[in-house]
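The values are calculated or read from the model by the stated rules, or taken from the named source; none is laboratory data. This is a predicted model, so every value here is computed, not measured. Neighbour counts are summed over all protein chains in view; Cβ atoms, including those assigned to glycine, are modelled from backbone coordinates with ideal geometry. The area values use the complete protein model at the heavy-atom level, side chains included, leaving out ligands, DNA and RNA. Shrake-Rupley method; radii C 1.70, N 1.55, O 1.52, S 1.80 Å.
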Amino acid sequence: TLIDAVAKGNLDLTNVSKIVPLPDTELSGNLVSDLSIKGRVNDISASAIDKFTANGVLESTGLVYKTAEMSEQLKVSKAKLIVRNQKVNIPEFNGKIGSNDIDFSGKFDNFFGYALGDQTLTGQATLTSENFNANDFTTEAPEGEVAKMTLIEVPGDVDLDLSTSIKKLKYDD
């Protein structure tokens, strides 16, 4: 499979719903891209990654997204993604899901080998929050039943150093 894509421009996401019907979806904000990707997926699995190139920047400001399936609205005030071949850098992601603020940054190696092949994603990331209510991300148990705690399953082939700082965490009561 050959991938040969270029995305360069400024997109007002509010206009997307005027072109593509998005029932029960709220979408607005601005997306600026200057990104190019070229290569064959086979080159990734054959470890000929030097034949696969990806370079550019993707930035978002004022993004608002909500569907009928989402209990809370996602707001991203500012986010930036920088791609340099196999390396993906997210120097900033400042957002909110409902009342939960999330600041995220990270650097990932072997991104396309992970996304398009079955290779290991490696990297470092930092997640901070002033207020995080974990109850917003759990489902209610039917009446009369006790909710069971479950582990969040991390996808396989991920070797990530994650630093987290949450000032106020609420879970259950």
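Descriptive notes on the structure:
- When the stretch 83-135 is filtered for residues that are farther than 25 Å from THR67 by Cα and basic (Lys, Arg), the ones remaining, listed by number, are ARG84, LYS87, LYS107.
- Residues of the stretch 110-137 that are over 28 Å from TYR171 (Cα atoms), open to solvent by 50 Å² or more (accessible area, probe 1.4 Å) and not polar (S, T, N, Q): PHE111, TYR114, ALA115, LEU116, ASP118.
- Pairs with Cβ under 8 Å, 6+ apart, first in the stretch 34-58 and acidic (Asp, Glu) and open to solvent by less than 40 Å² (accessible area, probe 1.4 Å), second modelled with pLDDT under 85 and in a loop (DSSP other than H, G, I, E, B): ASP43/PHE52
- Top-ranked residue of the stretch 143-154 - restricted to ones that are open to solvent by 80 Å² or more (accessible area, probe 1.4 Å) and not acidic (Asp, Glu), ranked as modelled with the highest pLDDT: VAL154
- Tabulated pairs, the stretch 8-22, first in contact (Cβ under 8 Å) with a residue 24 or more places away in the chain and under 20 Å from LEU58 (Cβ atoms), second aromatic (Phe, Trp, Tyr) and open to solvent by 60 Å² or more (accessible area, probe 1.4 Å), C-beta under 9 angstrom, 6+ apart or interchain: LEU13/TYR65
- Filtered residue count, the stretch 98-110, keeping only those that are more than 13 Å from the chain's Cα centre (by Cα) and in contact (Cβ under 8 Å) with a residue 24 or more places away in the chain: 5
- Search result, residues across the stretch 24-80 that are on the phi > 0 side of the Ramachandran plot and within 18 Å of the chain's Cα centre (by Cα): GLY29, GLY56, GLY62
- For the condition in a strand (DSSP E or B), farther than 29 Å from GLU26 by Cβ and open to solvent by 40 Å² or more (accessible area, probe 1.4 Å), LYS107 qualifies.
- Filtering LYS87, LYS75, LYS80 for residues that are modelled with pLDDT of 90 or more, closer than 26 Å to PRO23 by Cα, of a type in the set (Lys, Arg) and surrounded by 15 or more Cβ atoms within 10 Å (Cβ to Cβ) leaves a single hit, LYS75.
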